[in-house]
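The values are calculated or read from the model by the stated rules, or taken from the named source; none is laboratory data. All of these numbers come straight from a predicted model, not from anything done at the bench. Quick reminder, even Gly has a Cβ in these numbers, built from the backbone with ideal geometry, and neighbours come from all protein chains shown. Each accessible area value is taken on the protein alone, full model and side chains, heavy atoms only, with ligands, DNA and RNA left out. Shrake-Rupley method; radii C 1.70, N 1.55, O 1.52, S 1.80 Å.
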Amino acid sequence: MIQVEGLTKQYGAVQALHGISFDVPRGEILGFLGPNGAGKTTTMRILTGYMPPSAGTVTIDGMDVFDDSMAVRRIVGYMPETVPLYTEMTVQDYLDFMAAIRRVSGRRAAVERVIEACAIGDVRDRIIGRLSKGYRQRVGLAQALVHDPQVLVLDEPTIGLDPRQILGVRELIKSLGGERTIILSSHILPEISQVCDRVMIMHRGRIVAEDTTEGLTERLQGGMRVRIQIAKTREDTVPRIAAVAGVASVESGEDGQFDVVCEPGQDVRAGLAALAVGQGWGLLELRVASLSLEEIFIQLTTDEAPVEAEPEPTVAAE
Ligand code: ATP
């Protein structure tokens, strides 16, 4: 449904996107995850035709976002990070106006449908400028939906909402999936894994990892990794570690270090400590070395080298 090819964006001296490419099949909910400044908003603005790229192409349902911008806008709903709402209008009048400028047929019914879907019936006659942040956010979502778009692009849709409203908006987004293709951005990991089918982690204008939500969950639920370091290694050290109950695999490193992967749900630290002490190996260190999703995310999005010096973007990094 969406094809992105070699997208680059240069803001003066700042290169916000470094030639990213990805596809989104029809009906998928894709999550963009990344720290501030990763390029999520820039990508979304280009995808929705609100800003041209410096290079690269985007096609939606076979149409080029720039050559066919009017046609594309008819099938795309966009909720920017800060929705430019008309603060003097009432909620209902604003939605009716948005439906009119998008030439929605059956406007009244369309407005009723989104008022109900976004649970904003109790504020429909209120002036937008006087609404709470949560309600404004939902009005922003309602305007993105009023023309019943096939593609929805939502920039940080739950930011500033209270926990109950967050749950409501997540449920709403999930219920909109299926027929629609949805891209949403967030820097909240659980949100992405609860709502999305696939996740793309962005950092400094590059895609540093992408995986299905199941893949990420597997990484989270995979066996614990334990690192043990001993003073005296012997020939039988590896087989003895491997024989400890709950150990799935062992890899030996330098300086008497061994990385041990546990069977799912098993914690082998007590067994390893007993073995090392019993064998007189001289236990120097024993610690959990597993990577949680948070740690994977932090590792992928923490710079140690200047980005310009990096080679091609790493995809599906562990
Ligand atoms: P956030 O979570 O903070 O919204 P983001 O992932 O959406 O971050 P972008 O807003 O796309 O990131 O910004 C990517 C980079 O481009 C950042 O370095 C940002 O400072 C820069 N940038 C964004 N918009 C402009 C602009 N209009 N002019 C100059 N630089 C910009």
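Odds and ends about this structure:
- For S193, the accessible area of its heavy atoms, probed at 1.4 Å with every protein chain present, is near 40 square angstrom.
- Here the convex hull built on the C-alpha positions of the chain has a volume of 160 cubic angstrom per residue.
- Rounded to two decimals, the Cα radius of gyration of the stretch 1-149 over 2.2 N^0.38 Å is 1.14.
- Legend: residues Y94, Y11, Y86, sorted from most to least accessible area (1.4 Å probe; ligands, DNA and RNA excluded), read Y86, Y11, Y94.
- Beta bridge orientation in the chain: antiparallel %, DSSP, nearest 5: 65 percent
- Surface share of carbon and sulfur [accessible, 1.4 angstrom probe, percent] for the chain: 49 percent
- GluC sites (Glu not before Pro) lying in DSSP loop within the stretch 135-206, provided at most 11 other Cβ fall within 10 Å: E179
- For the residues P264, P80, P25, a GNM of the chain with alpha-carbon springs under 10 Å puts the largest fluctuation on P264.
- Here, the stretch 142-254 is characterised by an Rg to Rh ratio of 1.21, where Rg is the alpha-carbon radius of gyration and Rh the Kirkwood radius.
- Most positive-pole-ward Cα, G106, P25, P52, against dipole of the stretch 15-165 from beta carbon charges: G106
- Rounded to the nearest 10 square angstrom, F32 shows an accessible area of 0 square angstrom against a 1.4 Å probe.
- At most 10 other Cβ within 10 Å, DSSP loop - trypsin sites (Lys or Arg not before Pro), the stretch 8-103: R103
- The separation of the stretch 165-204 from the stretch 60-120, counted between C-alpha centres, amounts to 20 Å.
- By the rule of a C-alpha distance below 17 Å, with chain neighbours fewer than 8 residues away ignored, the lysines paired with K9 are K40.
- GNM flexibility winner over the chain from Q15, Q150, Q137 (Cα, springs under 10 Å): Q15
- Relative frequency of Cα-Cα separations exceeding 12 Å in the stretch 47-102, percent: 71 percent
- Length gained on full extension, D197 to D125, computed as 0.36 nm times the residue gap minus the Cα-Cα distance: 22.3 nm.
- Listed residues A142, I207, T41: farthest to the positive end of the dipole of the chain (Cβ charges): A142
- Inverse mean reciprocal Cα-Cα distance (Kirkwood Rh) of the stretch 87-169, Å: 12.8 Å
- Solvent-accessible surface of the chain, averaged per residue with a 1.4 angstrom probe and all protein chains in place: 49 square angstrom.
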